[in-house]
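Heads up: the structure comes next, in structure tokens.
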Amino acid sequence: MAKPKEQRNKLFLEDWQKGFGNEALGKKYKITEGGVKALKQRLRVRNPNLYIKPLTSKTVTQQHSKPTKQQASKLVKYDKVTYYLATGMAKEIKQLALHQDMDISELIREIITEYLKKGQSHR
């Protein structure tokens, strides 16, 4: 039989993953906002997969190192664009980028390029 706190933590985790904010979680489980943050931290210690944070910024900036002479000829200029994704999809893309040891922007460019190539081949 599960202990009451373990049962609460399981339900809390499910609601957290559904996208409930700190304030909503606090009201539902009768915990202060600081208590919600502390509980999230304790749950992250048990489950390292919870360290993947949802996208909070609306734009993604890329830092570029100073290019060498060889790289200068291969530089590509990118436009900064903002797209809105479902939280689950954003998490999935972040995890995929981590597993493939790629920058998220690189992965998105690769996925879109493949999609566009498939679309042109069907015309």
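The values are calculated or read from the model by the stated rules, or taken from the named source; none is laboratory data. This one's a predicted model, so the numbers in the text were calculated from it and none came from an experiment. Glycine gets a Cβ as well: all are built from the backbone with ideal geometry, and neighbour counts include every protein chain shown.
Some notes on this structure:
- The set of residues in the stretch 83-100 that are surrounded by 12 or more Cβ atoms within 10 Å (Cβ to Cβ) and within 18 Å of F20 (Cα to Cα) comprises L85, T87, G88, A90, K91.
- Exclusive hit being of a type outside the set (D, E), modelled with pLDDT of 85 or more and in contact with a helix residue (DSSP H, G or I) (Cβ under 9 Å, 6 or more places away or on another chain), set K53, K94: K94
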